[in-house]
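What follows is a short report on a single structure.
No value in this document is a laboratory result; all are computed from the given coordinates. This one's a predicted model, so the numbers in the text were calculated from it and none came from an experiment. Note that each Cβ is placed from the backbone with ideal geometry, even for glycine, and that neighbours are counted across all protein chains shown.
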Amino acid sequence: MSIQDIIEGKKQWREHVARVKALPPDCQIVYKEMQKYLFKVGPVSLSDGPLLPGVVDFFEEGVAAGKGVLELIGTDVAAFCDDLIKDSPTYADAYQEAIGGEPGAARE
């Protein structure tokens, strides 16, 4: 990874954070909870993949349509997140494989 890649990555992250801060407060709170949850159990490609920007897109579209955050995702943030990553390999899956378990067993 070159210095230019690092600088570009930081620029993209700052733009992403600015988009999150532009969301209504209830969406910001739920986004931060989703982010915490996904960083704990989320997919291996979370940091450089489209998942988090896609969540912001989803919230922006919902806000534009006049919907509240609970109308968009429901009341169970963890279940919503699990559904988002159901087909993605996670760190928990990698750990299960490393200790000789079945992949996906950690989420069941």
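Using Cβ point charges alone (K and R +1, D and E -1), the dipole size of region 1-56 about the Cα centre works out to roughly 180 debye. Just one of (1) 26, 21, 9; (2) 41, 16, 12; (3) 29, 16, 14 is semi-axes √(5λ) of the Cα gyration tensor in Å calculated from these coordinates, so which is it? Here semi-axes √(5λ) of the Cα gyration tensor in Å agrees with entry (1).
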